Amino acid sequence: MSIENTTVAAVQMVSTPHVADNLAAVRRLVAQAAAEGAGFIALPEYWPIMGMSDSDKVAHAEHPGSGPIQDCMMALAREHGVWLVGGTLPMVSPQDGKVLNTTLVYDPQGRSVSRYDKIHLFGFNKGSESYDEARTIVPGENVGTFEAPFGRVGLSVCYDLRFPELYRAMGECALIVVPAAFTHTTGLAHWEVLLRARAIENQCYVLASAQGGKHANGRRTFGHSMLVDPWGEVKAVLPEGEGVISGTLDEDFLAGVRESLPALRHRKM
């Protein structure tokens, strides 16, 4: 699979507090993306569970290599023969009552080939909206990348998007993936501009897979899953609701952007 014939897709969901319902939804949506020709598929943050309270996910934390959420992702990657970036799931952490918010990557044989634990934990307090992921999540420590057949892929999650130094630490990527559950308030203000900025400054494609709608717990997520090209143009977007967006990575276009505006070579620090 070379970059010029790689179709990538982002799955958008409106996840519920019920893991079984979310597993059923992701099976349907990944099958749809694969049927539309995608060989590389990304899921959103918190896709297995959006609980009625922040602590609900702790009860569903899995150990590495074991659990129904991981079994589902492994089977989907193998069944459809795709690279699957598994959004995030709750993984067991060293601290009682807390989890790691973890991205796992599976190759087309269903093998787990990369892991990234979300580093930056969201905190927001404005009016009636208040979020503090640090109450139930332990931050990760290591930058996440892996080598796909079309080049290096950088891994990040939601709030990480606000920290450009993380993306510089990834090195030169062909694609950056951003699973997210942006709030409607912050998403309306900042989501698209931040995604486009990360694509422009790193001169690579950005694939963002989001939660998008009103959840049972009352939270409203912004959606707008999208694919952005290295010039910062939005190539595909889904405003709200469950669904799939897709697009093709263009190796010649990527190389052309970097050649005509060699900003990565001009860096001084």
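The values are calculated or read from the model by the stated rules, or taken from the named source; none is laboratory data. Since we're looking at a predicted model, the values are computed, not measured. Here Cβ is always computed from backbone atoms with ideal geometry, including for glycine, and neighbour counts include all displayed protein chains.
Odds and ends about this structure:
- Options 210, 197; residue that is under 21 Å from residue 84 (Cα atoms) and under 17 Å from the mean Cα position of the chain (by Cα): 210
- Flag for residue 24 being farther than 18 Å from residue 206 by Cα, among the hydrophobic types (A, V, I, L, M, F, W, C) and in contact with an Asp or Glu (Cβ under 9 Å, 6 or more places away or on another chain): no
- Output for the stretch 168-188, where each listed residue is over 22 Å from residue 134 (Cβ atoms) and either out of contact with any Cys (no Cβ under 8 Å at 6 or more places or on another chain) or in a loop (DSSP other than H, G, I, E, B) (or both): 168, 170, 171, 172, 173, 174, 177, 188
- The set of residues from the stretch 17-47 being closer than 18 Å to residue 67 by Cα and either without any contact (Cβ under 8 Å) to a residue 60 or more places away in the chain or among the acidic types (Asp, Glu) (or both) comprises 18, 19, 20, 21, 22, 23, 24, 26, 27, 45.
- Subset of the stretch 72-91 [outside any loop (DSSP other than H, G, I, E, B) and more than 20 Å from residue 17 (Cβ to Cβ)]: 74, 75, 76, 77, 78, 79, 80, 83, 84, 85
- Checking every residue in the stretch 234-243 against the condition of being basic (Lys, Arg) and touching a helix residue (DSSP H, G or I) at 6+ places or on another chain (Cβ under 6 Å) gives zero matches.
- Reported count of residues in the stretch 81-96, each being over 20 Å from residue 179 (Cα atoms) and surrounded by fewer than 20 Cβ atoms within 10 Å (Cβ to Cβ), is 4.
- Residues considered: 117, 56. Of these, the only one that is of a type in the set (Asp, Glu) and buried (at least 18 other Cβ atoms within 10 Å of the Cβ) is 117.
- Hey, residue 37 more than 19 Å from residue 179 (Cα to Cα), touching a strand residue (DSSP E or B) at 6+ places or on another chain (Cβ under 7 Å), at pLDDT 95 or above and not in a strand (DSSP E or B) or not: yes
- Flag for residue 29 being on the phi < 0 side of the Ramachandran plot, among the hydrophobic types (A, V, I, L, M, F, W, C) and touching a Cys at 6+ places or on another chain (Cβ under 6 Å): no
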